[in-house]
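Structure record follows, encoded as structure tokens.
Read the figures in this text as sums done on the coordinates, not as results from a lab. These figures come from a predicted structure and were not determined experimentally. As a convention, Cβ positions derive from the backbone with ideal geometry for all residues, glycine included, and neighbour counts pool all protein chains shown.
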Amino acid sequence: MRKGLFALAAVGLLATGSMAACGDDSGTDSGSDTGSNSSAGKVGIILPDTKSSQRWGTDDPKFLKAAFDAAGVQAEIQNAQGDKTQFQTIADGMISSGVKVLMIVNLDSGTGKAVLEKAKKAGIATIDYDRLTLSGGADYYVSFDNVAVGKLQGEGLVKCLEEKKYTKPVVAELNGSPTDNNATLFAQGYDGVLDPKYADGTFTKGPNQDVPDWDNAQAGTIFEQMLTSNKQIKGVLAANDGLGNAAISVLKKNKLNGQVPVTGQDATVQGLQNILAGDQCMTVYKAIKKEADAASELAIALAKGEKPTTATGTTKDPESGTDVPSVLLEPQSITKENVKDVIADGFVTKDAVCTADFAKACTEAGIS
Ligand code: BGC
């Protein structure tokens, strides 16, 4: 059946009306169906959760939908809500509904790989979005230079600690999920900056722990234990804004916020507000619109049965050794001075960031 549909679609005989009906079949309450281009197949997209970062529930679905809508290509966007079984169920549904392209942000490489292999067997093109699925064999990978993200975090923390003029400050590290290849790359980036500082005695290496599934609540518990057993912590390398905010909440309880620089990532509204309040040292802005545009450009070509021409390089899968055609974008460091850039780029609105409590800080930071 699916083959038949694609054959028709390929010669342009399929009416837009019947494509729309086909989309209605597979849409669900939690998903969003979009677009209709008579010469293109449908694209299925699975996002990981809505708790580990603002982006998955807000930014990525918004920008992805806009890109597919603009191209008139039908895309079904679903979120697995952090549930690996749910992730597989959604994938099975998309595969049997006849998607031509499947794009995933895995919850871990093992379950991601199972889904990618099923899709491949069904002749579906695959894209790893943001997170590389180790040994997953996806056809394409779109992300940021994640080692560069970590390097910006490490450098940001060094700068903030230098400003504080502490002697041999103890630095704690709150890493991302041990099953997310990005977390490994972020750590590679920031440890590349921090390890030499520990080695030459500028900084003192403190507790260092992974946060399973990037769970923000668990990060709070972990950091509370870190601080209890090591009251001398003077800096926190937190791998994203959610983990950073968990640490800041604990620091606040101990009246230490503002004295202990904390890093982040994703330029979330909360992270930017923590920066404006002086509780967070920096965040990393990744222009999700660019990432969504690059991924949808590849997906749209594949959905039309064309060979994409927009991959700009390859990424070596460290497990399988395969070179995966990729697009890797550049991240940007954000401190109080350039919070305004994130607003100017249209990623967050002034209204969302500059609420009453932050109005004064916004004016001081030149956000008008
Ligand atoms: C993403 C980050 C995000 C984290 C938690 C990572 O794979 O690259 O942007 O903060 O997952 O969702």
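Provide the FRET efficiency to the nearest 0.05 for the residue 122-residue 83 pair, computing r from the beta carbons and using R0 = 22 Å.
E(calc), rounded to 0.05, equals 0.45.
Would you mind checking the tilt of helix 109-121 against the longest principal axis of the Cα atoms of the chain, expressed as 0 to 90 degrees and rounded to 10?
The answer is roughly 20 degrees.
Using +1 at the C-beta of Lys and Arg and -1 at the C-beta of Asp and Glu, which of 245, 299, 288 has the Cα lying farthest in the positive direction of the dipole of segment 216-329?
245
Starting at the first residue of segment 206-212, write each ³J(HN,Hα) from the Karplus equation 6.51 cos²θ - 1.76 cosθ + 1.60 with θ = phi - 60°, in whole Hz, x for Gly and Pro.
x, x, 9, 9, 7, 10, x
Expressed as a whole number of Å, what is the distance separating the alpha-carbon centroids of segment 122-189 and segment 41-74?
Cα centroid to Cα centroid, the span is 21 Å.
Report, for the chain, the % of DSSP beta bridges that are antiparallel, rounded to 5.
Around 25 percent of the beta bridges assigned by DSSP in the chain are antiparallel ones.
Please arrange 198, 285 by how many other C-beta atoms lie within 10 Å of their C-beta, fewest to most.
Least to most surrounded, the residues fall as 198, 285.
Taking the Cα centre of the chain as origin, work out the dipole magnitude from +1 charges on Lys and Arg Cβ and -1 charges on Asp and Glu Cβ, in debye rounded to 20.
360
Sort 214, 56 so that the residue with the fewest other Cβ atoms within 10 Å of its own Cβ comes first and the one with the most comes last.
56, 214
With +1 on each Lys and Arg Cβ and -1 on each Asp and Glu Cβ, and nothing else charged, work out how big the dipole of segment 42-102 is about its Cα centre, in Debye to the nearest 20.
That gives a dipole near 60 debye.
What is the sum of charges around residue 217, taking Lys and Arg as +1, Asp and Glu as -1, for the other residues whose C-beta is under 14 Å from the C-beta of residue 217?
-3
Return the long-range amide H neighbours of residue 262 (sequence gap of 5 or more, or a different chain), with a cut-off of under 5 Å between placed amide H atoms.
236, 281, 282
How far is helix 16-26 tilted off the main Cα axis of the chain, in degrees rounded to 10, range 0 to 90?
The two axes meet at around 50 degrees.
Taking the Cα atoms of the chain, report the difference between the largest and smallest coordinate on each principal axis, in whole Å and largest first.
Answer, in whole Å and largest first: 71, 46, 33 Å.
Quote the charge dipole size of segment 227-350 about the Cα centre in Debye, to the nearest 20; the model charges only the Cβ of Lys and Arg (+1) and of Asp and Glu (-1).
Magnitude of the dipole: close to 700 debye.
I'd like the Karplus ³J(HN,Hα) series for segment 47-58: coefficients 6.51, -1.76, 1.60, θ = phi - 60°, whole numbers in Hz, and an x wherever there's a Gly or Pro.
9, x, 6, 10, 10, 6, 6, 3, 4, 5, x, 10
From the gyration tensor of the Cα coordinates in segment 94-176, what semi-axes in whole Å does the equivalent ellipsoid have, largest first, with each one equal to sqrt(5λ)?
41, 12, 8
On a full-extension model of 0.36 nm per residue, what is the gain between residue 335 and residue 195, subtracting their alpha-carbon distance, rounded to one decimal in nm?
Extra length available between residue 335 and residue 195 comes to 48.1 nm.
Using θ = phi - 60° and the Karplus curve 6.51 cos²θ - 1.76 cosθ + 1.60, what whole-Hz ³J(HN,Hα) does each residue of segment 150-155 get, with Gly and Pro shown as x?
x, 5, 4, 5, x, 5
Sorted from fewest to most neighbouring beta carbons within 10 Å, what does the list 177, 97 look like?
Ordered by Cβ neighbours within 10 Å, fewest first: 97, 177.
Once you order the gyration tensor axes a ≥ b ≥ c over the Cα atoms, which shape class does segment 212-368 get: rounded for a/c under 1.5, otherwise prolate or oblate by comparing a/b with b/c?
It comes out oblate by the Cα gyration axes.
Give the long-range amide H neighbours of residue 315: residues separated by 5 or more places, or on another chain, with amide H under 5 Å away, using H modelled in the peptide plane at 1.01 Å from N.
It is 324, 326, by chain and number.
Which shape class applies to segment 146-285: rounded if a/c is under 1.5, otherwise prolate when a/b exceeds b/c and oblate if not, where a ≥ b ≥ c are the square roots of the Cα gyration tensor eigenvalues?
It comes out rounded by the Cα gyration axes.
Looking at the square roots a ≥ b ≥ c of the eigenvalues of the Cα gyration tensor of segment 300-368, which shape do they give, rounded for a/c under 1.5, prolate if a/b is larger than b/c, or oblate?
Taking the square roots of the gyration eigenvalues as a ≥ b ≥ c, segment 300-368 is prolate.
Taking only DSSP H segments of four or more residues, each worth -39500 (n - 2.57), what value at 222 nm results for the chain once the sum is divided by all its residues, to the nearest 500 deg cm²/dmol?
For the chain, the value works out to -14000 deg cm²/dmol.
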